[in-house]
Amino acid sequence: MSGKTGKNVFQYGGQAVIEGVMMRGPHKIATAVRSGEEIIIHQEKITPWSDYFSILKWPLIRGAVALIESMVIGIRSLNLSASLALGDEEEEGLSTFEMVLTVALALLLATGLFILLPTWLGHLTSGRFPVWVQNLVEGITRLGLFLAYLFGIRALEDIRRVFQYHGAEHKAINTYEDGAELTVEEVAKRSRQHPSCGTSFILYVLLISIIVFSFLGNGPWWWKFGSRLLLLPMIAGLGYEFIRLSRRYRKQMRFLIAPGLWVQNLTTGEPDSGQIEVAIAALKSVLVPPPGAAASGD
C-alpha cells in the first residue's frame, strides 16, 4: 500500500493486523490496535534495508527486497497486535531465529502452493499436448489456487474482521492522497481499494509469471521447477515495478490495474467507524511531520 504519489515522495503504506492497522512511514512504523474503547499505539523506528546497501534500490532487485522486508515487518506487527489486543504490551515478541524461520516457512509454503504445484500439474500434460497448453494449464491452476485460497480464508469470521481493517487502511491512505482531512467522515467516503495493495501485487506476480514462463519452452520436470524458482525474484521485481508505475500513472493505467482492484473485493471489507478511527490513528502517527504533534518512536 502507498500514500501520496509523485517522484521522490515517500509512499505511505501498511497492512491490517489483529484488531488494528500497521502503518509505515519513512523511518517509523506504528501499530494501532483497539482494546475495548481504547486505541493503543505502538511506535518503532526502522531503517529500510536499502539504506544500508545502495544496490538494493536498483530496479528489479528492490522488488524482491521489498517483498521480504514487508513480510518481516508484517509478521512482527501481527505478533505485536495480538499482544496489544489482549492488553499485554510486555509480552516478548518473536526472536530473530523465530522470525527467520517463520518467514522461511511462509515463503516455502507460498512457493510450493503457487509455483511448484501448478508447474507439476502442467508438466503432467507434457508429451500429450503442445507446450502452450501446458503453460495454459499451469497458469490457470496458479490463478485458480490463488482465488480459491482467498475465497477460503474469507469464509472465516476472524479473517473477515481483519479484512475490514484492511479496508480501513486503504480508505485512510486514499483520504491522505486526496489531501482531505483525516476524519472518520472523510475517510468513510473513500474507496476501500488501492492500486498498490499487496493483493494486487501478488496477482500481477502470478500474471507476469504466466508470460515469462511461456518463453521457457519444454523440458524435464527438474528443469521446469529449477527455472521457475530461479526466475521468481526477477518476476517479483517486475511486479513491484508495475505497481510503482500504476501509482504514478493511475488514470493512464486504469484498465491494467482493474483486475487487481477487483480481487481486492475479496481481501477488504467495509469498515465501521471504530475501525476507521484505528486506521487514522496509525497513519497520523507516521506522517512527517505528524499533524498537531511531534510523536517519537518507542
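Comparing mean-square fluctuations of 52, 149, 176 from a GNM of the chain with C-alpha springs under 10 Å, the top value falls on 52.
If a helix is a whole DSSP H run, which ones in the chain reach 24 Å or further along their own axis (Cα) and hold a mean Kyte-Doolittle hydropathy of at least -0.5? Span-like helices, by this rule, are 61-85, 131-154, 221-248. Once the chain from residue 258 to residue 86 is taken as fully extended at 0.36 nm per residue, the excess over their C-alpha distance is 58.1 nm.
With neighbours defined as other Cβ atoms within 10 Å of a residue's Cβ, the residues 99, 22 order from fewest to most as 99, 22.
The GNM of the chain, with springs linking C-alpha atoms under 10 angstrom apart, assigns the highest mean-square fluctuation among 279, 66, 172 to 66.
Loop-located trypsin sites (Lys or Arg not before Pro) in region 207-279 (DSSP state not H, G, I, E or B) with no more than 14 neighbouring Cβ atoms inside 10 Å: 251.
Cβ crowding within 10 Å ranks 215, 242 as 215, 242, fewest other Cβ atoms first. In the chain the longest region clear of GluC sites (Glu not before Pro) that are loop-assigned by DSSP and have at most 16 other C-beta atoms within 10 Å covers 182-298.
Each residue in 278, 137 was given a count of other beta-carbon atoms within 10 angstrom of its own, and listing them fewest first yields 137, 278.
Since every read-out is calculated from the coordinates, none of them should be taken as a lab result. Predicted model, so just to flag it, every value in this text is computed and none were measured. Neighbour counts are summed over all protein chains in view; Cβ atoms, including those assigned to glycine, are modelled from backbone coordinates with ideal geometry.
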